[in-house]
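Asks: This is the structure I have questions about; it appears just below.
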Amino acid sequence: MTDRIEIEARSTHLDMQAEPMLINIGPSHPATHATLRFKALLDGETIIDLESEFGYLHRGFEKESEAATWTQVIPYTDRLNYVSPLMNNVGYAMAVEKLCGIKTTERCDYIRVIISELSRIIDHMVCIGTNMVDLGALTNFWYFWKPREEVYKLIEELCGQRLTTAYTRIGGLMADLPDGWTDRVLAVCRGVIPECIADVNALLTKNRIFIERTMGVGPIAAKDAVALGFTGPCLRAAGVPLDLRKDQPYLVYDRFDFDVPIGEKGDTCDRYMVRMEEMRQSLRIIEQAIAHLPGGPVNVDDPRFTLPPKELVYENIEALMNHFKFIMEGIQVPAGEAYSATEAANGELGFYIVSRGGGGPYKIKVRPPCFPLFQGIRHLVKGQMVADLIAVLGSVNIIAGELDR
Amino acid sequence: MLSAKFGSDVVSTHSDFGDDTALVRRERIVEILSYLRDDPALLFDFAMDLTGVDYLGEEPRFEVVYHLYSLEKRHRVRIKVRLHEDDPVIDSAVPVWPGINWYEREAYDMYGIVFRGHPNLARILLYEGFQGHPLRKDYPKAKRQPTIGPEE
């Protein structure tokens, strides 16, 4: 049960008795994607045991949050999963709204769904693309770069930022959609994204080299995946159809028609397949959400949570005071605790927040989806080859920003 | 339901903000968690999260918070345990869910909560030479640690 490797373990199946070799992979290695470290105990090229370490990027998100106001935490959440920051914004805002008892407007919910699904698509693209780079298939990465760039342009129009979005607010959004934005989203979702998915599909899915590098590599049984706390595509690849968008619908996900793809063996190939299909399902959700996008305001009509309009602030002393108190003291959140779970690209993203009243959080704990996945890598690669570790690591999609916080 | 089964070991329960919560005593925590996992009406097979909270100035000071989810029943529960400052020790839940291993290490690292029977209770985010537990409320935010050399 311990996750420390036993150096004394001796090789057994080699004819020639040889000492097992301990090698370090990372913390700074092209295939570790971020600052992660593996200590692998090898018998020839076979991994006998593996110890994984992280913490090299730890920057104290939770401690910093305790010294900020509720709204000031939103930019910090961008830096958790920097591949799909909008989903972190949404997850955090929903946790605080749960505590405040706010019901967000319908338009806000629809927009949150659209930006979440766009984020899921680019997140999966980065995951598959970098995973294939590690396996030597660079072209797919370039193919996925193009739609990702288009989506970043859309996000930039939305909030002026490409990576550090900070788009949600407690009780709503930073701003409404710019004119014609949904048309441009539809153009991208009907044009460049499906084209690039089809290109990568054609290059990989029936490619013999790809199949042999991924099929049966890093498999996990459904019950082990559950016991280890896997969620998201890695769990669904093992055949467990857990998707919070279906199981515990939040926002307005229960109004959309989409499927949850599942795999069988939970190996690297299944994880790839599940992600490919999820991107197509996300496109379906975006189409439906845009078709039914309601009008109306994006922020709740409640002066306790929404900043007064800027025009009023300039000419009205009450609005000016309200604005000032908002910025200096923060939103007043009632005392209590809440846990909100959303289905992020990697799995369940949970925010556990404790308020003791006042303008800032008493405690924020993030449940990053890749935390149990990273813990499970040891289970996935034991008995496999060193090169398989690289394939597996890319396919479980470790994001050090949210792993370390 | 938990109160009926474990009586006075369940200190209080509430469902604020839609989250079912039970504050229990630490003595039978592993028994309670196993019951939550195995009872056919509950079946909490996922240990989604574990964390600590420091209520500095209150007694007991620390709180360990478990978030559980059931795949089949699709429900959630939050289990909390209060621990005294001079004895922040609780039994490890690793025998119940192996995946809770690293969460417990993290709570140990950040709050100094000791999980009795944990297979490898070492620091996880910080290095071994780090002094103190940074998420405790009395740990200053700007405190610096001594510079260390490479691991030997």
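Asks: Calculate the length of the line joining the C-alpha centroid of region A:376-400 to that of region B:26-56, in whole Å.
Replies: Value for the Cα centre distance between the two parts: 29 Å.
Asks: Taking the inverse of the average 1/r across all pairs of different Cα atoms in region A:256-295, what Kirkwood radius in Å do you get?
Replies: 11.3 Å
Asks: Please give the per residue accessible area of region B:1-68, computed with a probe of 1.4 Å over protein heavy atoms only, in Å². Spell out each step's value before the answer.
Replies: Details: 2760 Å² over 68 residues.
Value returned for region B:1-68: 41 Å² of accessible area per residue.
Asks: Go through A:Leu204, A:Leu312 and list them by solvent-accessible area, largest first, probe radius 1.4 Å.
Replies: Descending order: A:Leu312, A:Leu204.
Asks: Moving to a separate point now. Counting pairs of Cα atoms in region A:159-298, how many percent are more than 22 Å apart?
Replies: Tail of the P(r) past 22 Å holds 54 percent of the pairs.
Asks: Now for a different question. Nearest 10 degrees, 0 to 90: what angle lies between the long axis of helix B:29-38 and the longest principal axis of chain B (Cα atoms)?
Replies: In chain B, helix B:29-38 runs at an angle near 50 degrees to the longest axis.
Asks: Ok, one more. Just from its helices, what would the mean residue ellipticity at 222 nm be for chain B, if runs of 4 or more DSSP H residues each count -39500 (n - 2.57) and the sum is divided by every residue, rounded to the nearest 500 deg cm²/dmol?
Replies: After summing the helix terms and dividing by residue count, I get -5000 deg cm²/dmol.
Asks: Let me ask something else. For chain A, what is the mean residue ellipticity at 222 nm derived from helices alone (per DSSP H run of n ≥ 4: -39500 (n - 2.57); sum divided by total residues; nearest 500 deg cm²/dmol)?
Replies: Here the helix-only value at 222 nm equals -14500 deg cm²/dmol.
Asks: Would you work out what percent of the accessible area of chain A, with all protein chains in place, is carbon or sulfur (probe 1.4 Å)?
Replies: 56 percent
Asks: Taking the Cα atoms of region A:138-212 alone, what are Rg (to one decimal) and Dmax (as a whole number) in Å?
Replies: In Å, with Rg to one decimal and Dmax whole: 16.1, 50.
Asks: Roughly how crowded by other chains is peptide B:45-56, in terms of the mean Cβ count from those chains within 10 Å of each of its Cβ atoms? Mind showing how you got there, number by number?
Replies: Working: counts 4, 10, 5, 10, 13, 3, 9, 2, 6, 3, 4, 0.
Per-residue shielding by partner chains comes out at 6.
Asks: Next up: I'd like the distance separating the alpha-carbon centroids of region A:20-57 and region A:124-141, in whole Å.
Replies: Taking the Cα centre of each part, region A:20-57 and region A:124-141 sit 20 Å apart.
Asks: Sticking with this one: Rounded to two decimals, what is Rg over Rh for region A:257-405 when you use alpha-carbon atoms and the Kirkwood radius?
Replies: A ratio of 1.12.
Asks: OK, next. Excluding ligands, DNA and RNA, what is the solvent-accessible area per residue of chain A at a probe of 1.4 Å, expressed in Å²?
Replies: Roughly 38 Å² per residue, with all protein chains present.
Asks: Another question about this same structure. Could you tell me what fraction of 2.2 N^0.38 Å the Cα radius of gyration of region A:232-327 comes to, as a two-decimal ratio?
Replies: Here the Cα radius of gyration is 1.71 times the empirical estimate.
Asks: Using Cα atoms only, what is the angle between the long axis of helix B:101-111 and the major principal axis of chain B, expressed in degrees (0 to 90) to the nearest 10?
Replies: Long axis of B:101-111 versus the principal axis of chain B: about 60 degrees.
Asks: Hey, if we sort B:His67, A:His33, A:His323 by accessible area with the 1.4 Å probe, largest down, what's the order?
Replies: On the way: B:His67 10, A:His33 80, A:His323 40 Å².
Ranked list, largest accessible area first: A:His33, A:His323, B:His67.
Asks: Could you tell me the convex hull volume per residue, in Å³, taken over the Cα atoms of the protein assembly as shown?
Replies: 159 Å³
Asks: Positive end of the charge dipole of region A:254-317 (Lys, Arg +1 and Asp, Glu -1 on Cβ, about the Cα centre): tell me which of A:Asn299, A:Met273, A:Leu283 has its Cα farthest that way.
Replies: The listed residue farthest towards the positive side: A:Met273.
Asks: To the nearest 20 Debye, how big is the dipole of region B:13-152 about its Cα centre, given +1 on the beta carbon of each Lys and Arg and -1 on that of each Asp and Glu?
Replies: Result for region B:13-152 is approximately 260 debye, rounded to the nearest 20.
Asks: Excluding ligands, DNA and RNA, what is the solvent-accessible area per residue of region B:87-152 at a probe of 1.4 Å, expressed in Å²?
Replies: 46 Å²
Asks: Additional query: Among A:Phe256, A:Gly232, A:Ala221, whose Cα lies farthest out toward the positive end of the dipole of region A:207-265, if unit charges sit on the beta carbon of Lys, Arg (+1) and Asp, Glu (-1)?
Replies: The listed residue farthest towards the positive side: A:Ala221.
Asks: Further question on the same structure: Against the longest principal axis of chain A, how steep is helix A:85-100, in degrees 0 to 90 to the nearest 10, with axes from Cα atoms?
Replies: Between helix and principal axis, roughly 50 degrees.
Asks: In addition: Once Lys and Arg get +1 and Asp and Glu get -1 on their Cβ, which of B:Phe17, B:Tyr127, B:Gly57 lies farthest toward the positive end of the dipole of chain B?
Replies: It is B:Phe17, whose Cα lies furthest towards the positive end.
Asks: Further, regarding this structure: May I ask you to rank A:Met279, A:Met174 by accessible area, largest first, using a 1.4 Å probe over the protein chains only? Working shown, then result.
Replies: Values: A:Met279 0, A:Met174 75 Å².
Putting A:Met279, A:Met174 in descending order of accessible area: A:Met174, A:Met279.
Asks: What number does chain B give for Rg over Rh if you use C-alpha atoms and the Kirkwood radius?
Replies: A ratio of 1.01.
The values are calculated or read from the model by the stated rules, or taken from the named source; none is laboratory data. Note that the coordinates shown come from a computational prediction; the quantities given were computed from them, not determined experimentally. Using ideal geometry, Cβ is built from the backbone for each residue, glycine included, and neighbour counts are taken over all protein chains shown. The protein model used for the area step is the full one, side chains on, heavy atoms only, and it has no ligands, DNA or RNA in it. Shrake-Rupley method; radii C 1.70, N 1.55, O 1.52, S 1.80 Å.
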